[in-house]
Every structure is written in structure tokens, then in C-alpha cells.
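The values are calculated or read from the model by the stated rules, or taken from the named source; none is laboratory data. Just so you know, these numbers come straight off a predicted model, no measurement behind them. No Cβ is skipped: glycine too gets one built from the backbone with ideal geometry, and neighbour counts run over all protein chains shown. Heads up: the accessible areas ignore ligands, DNA and RNA and are worked out on the full protein's heavy atoms, side chains in. Shrake-Rupley method; radii C 1.70, N 1.55, O 1.52, S 1.80 Å.
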Amino acid sequence: MKYDFAAIEKKWQDNWERTKPYAATNGDTTRKKFYGLIEFPYPSGQGLHVGHPRPFTAMDVITRKKRMEGYNVLFPIGFDAFGLPTENYAIKNHIHPAIVTKNNIANFTKQLKMLGYGFDWDRCVDTSSPEYYKWTQWIFLQLVKNDMAYKDTMSVNWCTSCKVVLANEEVVNGVCERCGAPVIHKEKSQWMLRITKYAQRLIDDLDDVDYIERVKTQQRNWSGRPTGAEVIFKTTAGDDLTVFTTRCDTLFGATYMVLAPEHAFVEKWKDRITNWDEVKAYVDASARKSDFERSELNKEKTGVKIQGVMAVNPVNGKEIPVFISDYVLVTYGTGAIMAVPAHDDRDWEFAKKFGCEIVEVVKGGDVEKEAFTLKDDTGVMVNSGFLNGLTVKEAIPTMKKWLADKGLGQEKVNYKLRDWVFSRQRYWGEPIPMVNCEKCGWVPLPEEELPLLLPKVESYEPTDDGESPLAKMTDWVNTTCPCCGGPAKRETDTMPNWAGSSWYYLRYMDPHNDKALASKEAMDYWSPVDWYNGGMEHTTLHLLYSRFWHKFLYDIGVVPTKEPYQKRTSHGMILGEGGEKMSKSRGNVVHPNDIINQYGADTMRLHIMFIGDFEKSVSWSNEAVKGSKRFLDRCWNLMDMATKETAISPENEAIVHKTIRKVTSDIDDLKMNTAIAALMTMVNEFYANGLSRGDLEQLLLLLSPFAPHMVEEMWELEGFAKKYGKMAMQMNWPSYDEAKTVDAHVEMAVQINGKLKGTVTMKTDSGEAAVVAAAMALEKVKKATEGMTVVKTILVKNKLVNLIVKPAK
RNA sequence: GCCGGUGUGGUGGAAUGGUAGACACAGGAGAUUUAAAAUCUCCCGGUAGCAAUACUGUACCGGUUCGAGUCCGGUCACCGGCACCA
């Protein structure tokens, strides 16, 4: 009989659709629970990409094994449906984004079902449905109530092409992460979330979760946590100028100061600044520059000296000049720095260009040639008054204490993390449930009025001045104040696409609840997510954001755990045939559908797991898929070879037990490639030794997480389904007996002085005397030991014997 | 520059400090076939040799060890992330 994968896969998918073997049960205390999560896809118009099945299949394999091990498994799926590409598609084709989304979700659903994943489809969520975003809005209202959201006019990242504000995390090398257009700064009034309040906990609590190390490191680096000091400088304008520095030990070397062009003092000092025109021109020019121009292209330092205001170095009372320059960032620290040109590359470069004084305060370099920046903190202080003779390591606390005693400064931790810009001037997102009343200011909508539905508009295009398309809907915008009943206007910006995905794992626990985002019982039962796999690209975006929301929800008593995800792993990318990134423009995109049509879903699943180390990127090869198909054919053909015997055959006992052990531990360790290799080895042995029906039964159980359709068909054909009254996937995961994994004989290596000379076949667990005797009997060993004395033998049980020889005296 | 990671056959990749290259892809030889596909069996790091075999071999240099792809020190290359973050 031929392996007709198309018919078999359809048959079993229909069966699962009907019988729902993947349904998770809330509150089942008779079994341990396991919540496995994969990042839900954005339903793009292109459909499933070959990158999707890698993490999906891996978690499907893991959860299938967990079910067989007796766990109550929650393995859900949904769609992260709000987002710009859908909106852009709608603009271009004049179709409502909701319709585009619906069609795309239908297409994704069909494609995912073709892969035979064990999702609990009854829990499917769509972040763009009002039933869902009602609760996204509800969380936002809680953030507002707890002073975690605020509206602020500030300089924000503005994508010139998408015409939308971007969060810091969405700007990559000065360009828009999504479209690649340059990002400039714009003053805009924005909703902001105080993620910085959670910075310390977002760092500290990483110690309590089981994330792969590179994810932890990346999150720590992103949040940042340099410890330094804030130092106050008096100025001749009367204002105290505060700076942040990690090197307060070099304060005696601070010979000038620099303000960011956006620093508030620049405007404040307008009347005192004698070269105001020059200063103003520089400020305006900086504002027009994109981030990209400011950093990448702008190697040469620029700036203007502020005439008319001087600062005073608090340690020596010296008057020092003040500059403005865009190498100082307004968004970090206090937006101003003390410049120590002798010991900072940037300051040195600037000082050379503008003729500032360079004073050496740490011995060891030639500060006229280049800045002396220390790699360690053992340098000795000079020209530094009371610090002279101390090492840098000693000078830092000494100076901190001195500053604190004089009231001139204090220790300070400055996170790199910034508050989260939460407004988007876009249509296809969750409306922000706030109204602006002339009398009462910004007022949240009452919770009973949620969801605030996204109204239908004529045109989705954002305006050039940065207003959301919703701003044109005057009927919708004009409303009454929930507080005083007077006229008020709705917020017309929407939430970023990171909003819905920040809490979706909670909704899966209780997806149809209309009283709460999920019931307390459901959250108590399923929390936390036991294993979450997703892309590295989300480490400082989605993963960080959702941890933040979760911690907030924990603080207000909504969720039962401090952290949302107990374990986080990450998959490598699937690259095109030449090792290049897959992209439409390169024309090297592989669609799973094509592979499924040609070889079947089971081959697709098996191959994407076999292809290489799960954590590393790997090139896709259409040729190599054949090998996986060949393996399944070989498995299928075993049905003709198997004898009637229902027990595991004696000649295959060791290989079967060894393979069970290997596959079991490899799946837990996410080493699917070697698990499959072990299965292939076992099948090769079956071909060599012959096999019993009992041997085949074990193979089917081990293979079922990888190739569920074919296995169920064979399970039925071989009569196992009838015998046990269950599908293979409902059986217990096979167990092994350690004693039976041992072969009767082993091949051992024989080394002379650590060099391989040959092998001997020995009875398992042979003693040293027997092994040495066998080794000495080898022709090559005899030759090598001729005229030598064996001074030492090293025996590694069942592995090797190493004879250490010396010339005989 | 900082942080993290990776360097193994023609290719994807295996190897708790213990026989390097498992398992596959590609390639070669044979069987089967009228023929092809499919399938089955064998070979397959390099150099020398008909062969047995010998030497050599995990980016490079050194060290520890009876024994190193694996551990330690240094160098180089590539990939990912961050970055005028004071």
C-alpha cells in the first residue's frame, strides 16, 4: 500500500476538527497543567511563511509529548491583528481593514490547520475584535487610574513615511524599523506609559525566570543601569545646572560644559546670551536633523559656545565655558554634561576642535595625543586636589561623599530605558478611551462604556501634520465629558500594535469571559505560561512590554504571578538557499504550502525540525526535504515487514530502549534534530534486523509528535487503535528501562599513549584485566609495545583502554 | 567601542574531557527494471598506496591532561544586539 499523505492528512484533520482532542480543560486538578505558548502571528496578506512553522512545530511537538505524559495542556493560537501593513493595504486597495483582517485570518487558519497543529481552536483570539480590545482598553484605564499613563508634549521619533510616532524600540539605526524611512524628531503631545518605574524590577526579576541567557543579557543591556552621580554646577545666569556622570572622580578635569540643543536653559537664557542668533540657528538646524544624520553621518563634532553665561566647577571654583552641541542627548541623564576632554573620547574630539583646555587628572596616557580612557580603575589621580594619589576606584566614592556633604550632588542610577510612547496617529488600532474636556482636562471613559468601538471612516490615510484619520470624524470626536457633562473631544490617536500582544496569553486562559479579561480561577490555574518560545527580535519590544504590563497587573491585584512567562526560548531564522534572508525582493521566499502539496504536512513538520540546531539560523534547501520524506516512506513500509509478535523483539530491545531515552530527553532540551536522527537510526536497525509489531508500536508512539497524521493512520491500520480504543496521541509516552538500553557487547578503543591503535569487541562491563589482555593481543599493539614497558593503564568502562608505555631500561 | 554568539567534510549538521564526522543531502559503485523513476546494498575528510596501512585533520598560536572539537590564556574571522547613553 502506498503512503497517500494527501488523503491521510485530510482524513485526520477532519477527525480532529470533529473530536477536538486538543481541547484544554480549565480547573482540572487531577492532572498537572502545562501551558505552552508561541508568539501569535500577524495575519499578513502573504500568508504563512516558512519561518512560521519552525517555532510552531517545535512547541507542537513539546505539547504533544506533554499530553502523552499526562499533562492537561494549553496550546493556544490567535492573531495579532491590528497593525500598519493591513492599514496600508486598505489604503491602497480601498478595502476596510476589518475585511482585510478577516480574510487574512481565514487564510492563516486554513494554512495552520493544514500543518496539523494541536491548537485548541476554541480559544482563538483576535486582538482587533471589540470583545478582545475592550480589555486592552480596560488595562489602559487602569494604567491611567494608577498614574502609570500620562500625556506629555515631547520630542518624539517621527517616521517621515508612515507619518506616525515611533517608540524608541521601533527605531533602528535612525530609521523606521518597519519601512526604513528616516526618523526625525517632532514635538508632539503623546500618551506615555511609565515603564521606567519598573526598570529595576524588569532587570532584577530576570533572576527568577528560566530565559535563555542571550535574552536576559539583551534585556539587561537595553534597560541599562549605569551608577554614577548627579553633580550641580552653578552658573553666572543664576540657574544651577545639573549633570549626570559615571566618572565623578574626573571632576577636576571638567573644563567646559555642554547642553543638548533642546535643553530648557537655552531658551531660558535667551536674554543673557550675547550670540543668540548663532545659538538659535544651531538649535533649529539640530531639530531638523534626523537621528540618522545626527549619529551615523555626523562624525565631526559641531556646536556653538554660549556667550554671556559661564558655569563654575564646584571643586575648584573655576569659571568654565558652556556650549551647546547635538552630541549630547536631551533624552538621557539631565540633557547636559560636564566635559572631561582628557578622559573621554567625545569630549577630547570636541575640545580639540573648539580649543578648550585639556587637564589630565588620571596618570598614564598622553592627553595631548588622545583621551586616556581607562579599561580598569587602577589609574592614579593627579591635578585633583584632595583626590591626588588615590586610585580611580578609591576616588569615585571619595568624591561622591564630598559632593553629598557639600550638597553639590548625589549618587544616581540612570536607566537607559525610556518611558513608552504609546500613541499612534493611525486608524487600525485600539481607540484610546480618553476624552479631553475644556474644564476637566483629560478624563477616562467609565469602564461601563467599554469597548470604545473603532468607528468606520471614509479614508484611512493619516494627515501630513500628523493627525490620526479619526480626527476627521467630527461626529465621533465631539462628545460629552463623563465628568461634568460639558462638551469634550475624544482622543483620536490609537494604541500601538504592541498593546494587544502585551496580555494575550492571559486571554487564552479564559477567552470568552465578558466580565473580566480572564477569571481569577482561570488565571490561578494556568499562570504562569510554562514555556514561551519566540523570536529574538521581540526581546526588547513585545517581551519587555508584556513583562511590564504583567507586573503592573500584578501590582493592582489582577494577575497571580510576578512574571508572565516561566521559561523563554528562541528559535533561529530560516534563511534562503544561499544563506540570505528570505524576502519578497530577493524572490527566495519558501511557502510551506508548496512543500505540503509536494511532500505532505508530516514531511514539512519533520524536516523543519530536522534541519538543524533550533536556536541557530539555517538555510533552507528544497533538495534536502526529500530525505525527510524518504524516512517517512521507510517508516510506512515497515508495516509490510513487521512480524505478528506483539512484544518488543529481543534483537531490537537495546535500540528501542536507547531511542526512547534519547528522544525523551532531546525533546525536553529542544534538540529535535538529534531526536529525529535517533529515530532514523532505529529504523535503519529495523531494516537490518527485521522487527516485530511491538517494535513498530514503540516507533509510532515516539514518532507521533513529529508526524501525527501518518502515525494515526498506521496506528489504525495495524490494529492498535482498536486494541487500545485510543489514538496514538492519547497513549502514554513510552518509558524505557535503563538496564535494557545496554548492549551485550561493546566495541572499545585501544590507545597507546593516547593514540588510537585499534578496537576490540568486549563483553559489556568487562574488567581491566580482560580488556588489557584483549588489547595486547592486537597485532598493532604488539608491535607498538615491543621493547616497551607498560607503566600505566587507563580504563574507561565500555569505552576505551589507554596503555601508557615507556622504553624498557 | 561595549555585550552576546559562532568557527567541524562538497552541504545541513552530530559528538557528559574518552574511537571526530552520528543522522541526512549531494556524489560514486552495484542489485532490481525492457528502460527510467522508486526501492535495496555498499563507498564517501585530506595526502600517499592496488591494498593492508601510514601520516594528517575540528579557524590560528600556546597551555593543562594518560587523552582536547570540548577546559584555560591569547590571536583572527564571521553573525546578532546595543551605541555620541556621559
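Exactly one condition in (1) modelled with pLDDT of 90 or more; (2) within 16 Å of RNA strand B (Cβ to nearest atom); (3) open to solvent by 40 Å² or more (accessible area, probe 1.4 Å); (4) more than 17 Å from residue A:238 (Cα to Cα) is false for residue A:316; which is it?
(2)
It is to be established whether one or more residues within the stretch A:785-795 are among the β-branched types (Val, Ile, Thr), open to solvent by 70 Å² or more (accessible area, probe 1.4 Å) and within 13 Å of RNA strand B (Cβ to nearest atom).
Within the stretch A:785-795, one or more residues are among the β-branched types (Val, Ile, Thr), open to solvent by 70 Å² or more (accessible area, probe 1.4 Å) and within 13 Å of RNA strand B (Cβ to nearest atom).
Read through the list (1) in contact with a Lys or Arg (Cβ under 8 Å, 6 or more places away or on another chain); (2) open to solvent by 30 Å² or more (accessible area, probe 1.4 Å), then give the number of the only condition that residue A:514 fails.
(1)
With respect to the numbered conditions (1) assigned to a helix (DSSP H, G or I); (2) more than 16 Å from RNA strand B (Cβ to nearest atom); (3) surrounded by 16 or more Cβ atoms within 10 Å (Cβ to Cβ), which one is the sole condition not fulfilled by residue A:532?
(1)
Checking the structure you have, find out if any residue of the stretch A:331-344 is buried (at least 19 other Cβ atoms within 10 Å of the Cβ), modelled with pLDDT of 90 or more and away from RNA strand B (no atom under 14 Å from the Cβ).
No - not one qualifying residue is present in the stretch A:331-344.
If you go through the stretch A:381-415, how many residues are closer than 28 Å to residue A:220 by Cβ and not in a helix (DSSP H, G or I)?
Qualifying residue count for the region: 8.
Suppose we filter A:723, A:740 for residues that are at negative phi and at pLDDT below 95; which single one remains?
Answer to the check: A:740.
Of all residues in the stretch A:468-485, which are in a helix (DSSP H, G or I) and exposed (fewer than 12 other Cβ atoms within 10 Å of the Cβ)?
Selection gives A:474, A:475.
To keep it simple, each residue is scored yes or no on (1) at pLDDT below 95; (2) crowded, with 21+ Cβ neighbours inside 10 Å; (3) within 26 Å of the chain's Cα centre (by Cα).
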| residue | (1), (2), (3) |
| --- | --- |
| A:560 | no, no, yes |
| A:582 | yes, no, yes |
| A:592 | yes, yes, yes |
| A:617 | yes, no, yes |
| A:627 | yes, no, no |
| A:639 | yes, no, no |
| A:651 | yes, no, no |
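State whether one or more residues within the stretch A:126-145 are touching a residue at least 60 places away in the same chain (Cβ under 8 Å), surrounded by fewer than 21 Cβ atoms within 10 Å (Cβ to Cβ) and not in a helix (DSSP H, G or I).
Among the residues of the stretch A:126-145, not one is touching a residue at least 60 places away in the same chain (Cβ under 8 Å), surrounded by fewer than 21 Cβ atoms within 10 Å (Cβ to Cβ) and not in a helix (DSSP H, G or I), which makes the answer no.
What residue, of A:716, A:623, A:697, is farther than 18 Å from residue A:69 by Cβ, over 32 Å from the mean Cα position of the chain (by Cα) and open to solvent by 10 Å² or more (accessible area, probe 1.4 Å)?
Sole residue among the options that is farther than 18 Å from residue A:69 by Cβ, over 32 Å from the mean Cα position of the chain (by Cα) and open to solvent by 10 Å² or more (accessible area, probe 1.4 Å): A:716.
Out of A:432, A:358, which single residue is among the hydrophobic types (A, V, I, L, M, F, W, C) and away from RNA strand B (no atom under 16 Å from the Cβ)?
Exactly one residue qualifies, and that residue is A:432.
Going by the conditions given, is residue A:368 within 14 Å of RNA strand B (Cβ to nearest atom) and open to solvent by 30 Å² or more (accessible area, probe 1.4 Å)?
The answer is no for residue A:368.
May I ask you to verify whether residue A:722 is more than 16 Å from RNA strand B (Cβ to nearest atom), out of contact with any helix residue (DSSP H, G or I) (no Cβ under 7 Å at 6 or more places or on another chain), more than 16 Å from residue A:603 (Cα to Cα) and not in a helix (DSSP H, G or I)?
Judged against the criteria, residue A:722 is not a match.
From (1) in contact (Cβ under 8 Å) with a residue 60 or more places away in the chain; (2) part of a helix (DSSP H, G or I); (3) over 30 Å from residue A:446 (Cα atoms), pick out the condition that doesn't hold for residue A:48.
It is condition (2) that residue A:48 fails.
Looking at (1) over 10 Å from residue A:760 (Cβ atoms); (2) of a type in the set (A, V, I, L, M); (3) surrounded by 11 or more Cβ atoms within 10 Å (Cβ to Cβ); (4) more than 9 Å from RNA strand B (Cβ to nearest atom), find the lone condition where residue A:808 falls short.
Residue A:808 satisfies all of (1) over 10 Å from residue A:760 (Cβ atoms); (2) of a type in the set (A, V, I, L, M); (3) surrounded by 11 or more Cβ atoms within 10 Å (Cβ to Cβ); (4) more than 9 Å from RNA strand B (Cβ to nearest atom) except (3).
Take the residues in the stretch A:745-756 that are over 47 Å from the mean Cα position of the chain (by Cα) and within 7 Å of RNA strand B (Cβ to nearest atom), then tell me which one is nearest to residue A:801 (Cα to Cα).
So the residue we want is A:751.
Inside the stretch A:700-713, can you point out the residues that are farther than 19 Å from residue A:661 by Cβ and either open to solvent by less than 10 Å² (accessible area, probe 1.4 Å) or β-branched (Val, Ile, Thr) (or both)?
Of everything in the stretch A:700-713, those that are farther than 19 Å from residue A:661 by Cβ and either open to solvent by less than 10 Å² (accessible area, probe 1.4 Å) or β-branched (Val, Ile, Thr) (or both) turn out to be A:707, A:708, A:709, A:710, A:711, A:712.
Of all residues in the stretch A:171-206, how many are at pLDDT 90 or above and either under 23 Å from residue A:284 (Cα atoms) or part of a helix (DSSP H, G or I) (or both)?
Looking only at that region, the number is 12.
Which condition breaks for residue A:237 when tested against (1) at pLDDT 90 or above; (2) within 13 Å of RNA strand B (Cβ to nearest atom); (3) among the small types (Gly, Ala, Ser)?
Here residue A:237 meets the rest and fails (2).
Okay, residues lined up against (1) part of a helix (DSSP H, G or I); (2) touching a residue at least 24 places away in the same chain (Cβ under 8 Å):
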| position | (1), (2) |
| --- | --- |
| A:511 | no, yes |
| A:514 | no, yes |
| A:518 | no, no |
| A:523 | yes, yes |
| A:559 | no, yes |
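If residue A:784 satisfies all but one of (1) under 13 Å from residue A:747 (Cα atoms); (2) touching a residue at least 24 places away in the same chain (Cβ under 8 Å), what's the number of the condition it fails?
It fails just one condition, (1).
Hey, could you check the stretch A:535-558 for residues that are open to solvent by 30 Å² or more (accessible area, probe 1.4 Å) and of a type in the set (A, V, I, L, M) and say which is modelled with the lowest pLDDT?
Filtering the stretch A:535-558 for residues that are open to solvent by 30 Å² or more (accessible area, probe 1.4 Å) and of a type in the set (A, V, I, L, M), the one modelled with the lowest pLDDT comes out as A:536.
Count, please, the residues in the stretch A:200-214 that happen to be of a type in the set (D, E, K, R) and without any contact (Cβ under 8 Å) to a residue 24 or more places away in the chain.
Counting residues in the stretch A:200-214 that are of a type in the set (D, E, K, R) and without any contact (Cβ under 8 Å) to a residue 24 or more places away in the chain gives 3.
Mind listing whichever residues of the stretch A:156-172 are of a type in the set (S, T, N, Q) and open to solvent by 30 Å² or more (accessible area, probe 1.4 Å)?
Result: A:160, A:161, A:168.
Report every pair of residues separated by at least 6 positions or lying on different chains whose Cβ atoms are under 7 Å apart, first residue within the stretch A:797-809 and without any contact (Cβ under 8 Å) to a residue 40 or more places away in the chain, second assigned to a loop (DSSP other than H, G, I, E, B).
Hits for this filter: A:797/A:765; A:807/A:787; A:808/A:787.
Which one is farthest from residue A:739 (Cα to Cα), of the residues in the stretch A:757-793 that are under 52 Å from the mean Cα position of the chain (by Cα) and among the hydroxyl-bearing types (Ser, Thr, Tyr)?
Among those residues, the one meeting the criterion is A:793.
Can you tell me which condition residue A:177 does not meet? The list is (1) surrounded by 15 or more Cβ atoms within 10 Å (Cβ to Cβ); (2) touching a residue at least 60 places away in the same chain (Cβ under 8 Å), and all the others hold.
So the condition that residue A:177 fails would be (2).
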